[in-house]
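Since the structure comes first, as structure tokens, the remarks are kept for the end.
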Amino acid sequence: MVNRNVIKKLSDIELEKYIKPDSRSVADAVQYAYEILKERGRNFTPDESEEIEALVNKKREAEFAEENSWDEGATTDENAIELYKNSAILFFSLFFGVIFGAILQTLNFVKIKDIKGAVASLLFAIGFTVLQIFIIDYIGGNYMDISDSSFYIRLFLSGVGAVGLALIRQLMFPKDLQYRARSTVAAAVISVLILVAIFIIYTTG
């Protein structure tokens, strides 16, 4: 995180280096240098201002892409279609269950009107969840007591399921589609409520 007050202590000559086309500074530093120079009375021509703003936008896009390297196609463009990020699907798959991550992926496919991708994601998750339950029951019933390590076994299997969802996405999702991140707050709340309900039914049933 760049501190504006630190940038403000620099001389005009030093600030000028921040806004050059070959500047290696991060987007915020370039933006602050530009704003501070204007505050100090530096007059920029329309062309200069346009070039600096383009430089800042280019750096922001590059920084965003680096921070979201796993989320291929993610962008900050407000006009882009709104979808759940790949990292969000991975998180839900690992910590809530593959079926929950698959639902997010299914909604993404539905949003882009790819019914085949939606069906493939959902069917895979249902089949994998059934297989996961069978594997855990089989191991626990025939080989060892997994009560102390069940969390890690479930996490490992969920990771395998997440890889399966990623393969479906890789094969069926449009490679050149740009999208912006959709909020997962509502999905997370619903997922927690569903898991709590399942837990209550399991413990009281």
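A quick yes/no check of all residues on (1) part of a loop (DSSP other than H, G, I, E, B); (2) exposed (fewer than 15 other Cβ atoms within 10 Å of the Cβ); (3) not charged (D, E, K, R):
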position	(1), (2), (3)
ASN79	yes, yes, yes
PHE92	no, no, yes
GLY101	no, no, yes
LEU107	no, no, yes
PHE128	no, no, yes
PHE134	no, yes, yes
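Would you confirm, using the coordinates I've provided, whether VAL56 is surrounded by 13 or more Cβ atoms within 10 Å (Cβ to Cβ), assigned to a loop (DSSP other than H, G, I, E, B) and not polar (S, T, N, Q)?
Numbers: surrounded by 13 or more Cβ atoms within 10 Å (Cβ to Cβ): yes; assigned to a loop (DSSP other than H, G, I, E, B): no; not polar (S, T, N, Q): yes.
No, not satisfied.
Condition check ((1) closer than 30 Å to LYS8 by Cβ; (2) assigned by TED's automatic domain parsing to the domain that holds SER183; (3) among the aromatic types (Phe, Trp, Tyr)) across all residues:
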{"site": "TYR18", "(1), (2), (3)": "yes, no, yes"}
{"site": "VAL30", "(1), (2), (3)": "yes, no, no"}
{"site": "PHE44", "(1), (2), (3)": "yes, no, yes"}
{"site": "GLY97", "(1), (2), (3)": "no, yes, no"}
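Please verify whether SER87 is over 17 Å from SER183 (Cα atoms), among the hydroxyl-bearing types (Ser, Thr, Tyr) and assigned by TED's automatic domain parsing to the domain that holds VAL196, treating the condition exactly as stated.
no
Yes/no matrix, rows are residues, columns are (1) at pLDDT below 90; (2) among the β-branched types (Val, Ile, Thr); (3) at negative phi:
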{"position": "LYS9", "(1), (2), (3)": "no, no, yes"}
{"position": "ILE36", "(1), (2), (3)": "no, yes, yes"}
{"position": "ILE52", "(1), (2), (3)": "no, yes, yes"}
{"position": "LEU55", "(1), (2), (3)": "no, no, yes"}
{"position": "LYS58", "(1), (2), (3)": "yes, no, yes"}
{"position": "TRP70", "(1), (2), (3)": "yes, no, yes"}
{"position": "PHE96", "(1), (2), (3)": "no, no, yes"}
{"position": "PHE100", "(1), (2), (3)": "no, no, yes"}
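Which of (1) modelled with pLDDT under 90; (2) out of contact with any Phe, Trp or Tyr (no Cβ under 9 Å at 6 or more places or on another chain); (3) not aliphatic (A, V, I, L, M) is the odd one out, the single condition LYS113 does not satisfy?
(1)
Restricting attention to segment 18-48, which residues are in contact (Cβ under 8 Å) with a residue 12 or more places away in the chain, closer than 23 Å to GLU61 by Cβ and among the charged types (D, E, K, R)?
ASP28, the sole residue that qualifies.
Taking segment 1-24 as the region of interest, how many residues are over 17 Å from GLU39 (Cβ atoms) and hydrophobic (A, V, I, L, M, F, W, C)?
Start the filter on segment 1-24 by keeping residues that are over 17 Å from GLU39 (Cβ atoms), which leaves 1, 17, 20-24.
Next, from what is left, pick out any that are hydrophobic (A, V, I, L, M, F, W, C): 1.
Total meeting the criteria: 1.
From the list GLU61, GLU51, exactly one residue is outside the structural domain of SER158 (by TED's automatic domain parsing), surrounded by fewer than 17 Cβ atoms within 10 Å (Cβ to Cβ) and without any contact (Cβ under 8 Å) to a residue 24 or more places away in the chain. Which is it?
GLU61
Starting from residues that are under 16 Å from GLY97 (Cα atoms) and loosely packed, with under 15 Cβ neighbours inside 10 Å, keep the ones in segment 136-157 and report whichever is modelled with the highest pLDDT.
Top of the filtered list is PHE156.
The values are calculated or read from the model by the stated rules, or taken from the named source; none is laboratory data. Bear in mind that the values here come from a model prediction, so they are computed numbers and not experimental data. Don't worry about glycine lacking a Cβ; one is built from the backbone with ideal geometry, like all the others, and counts go over all protein chains shown.
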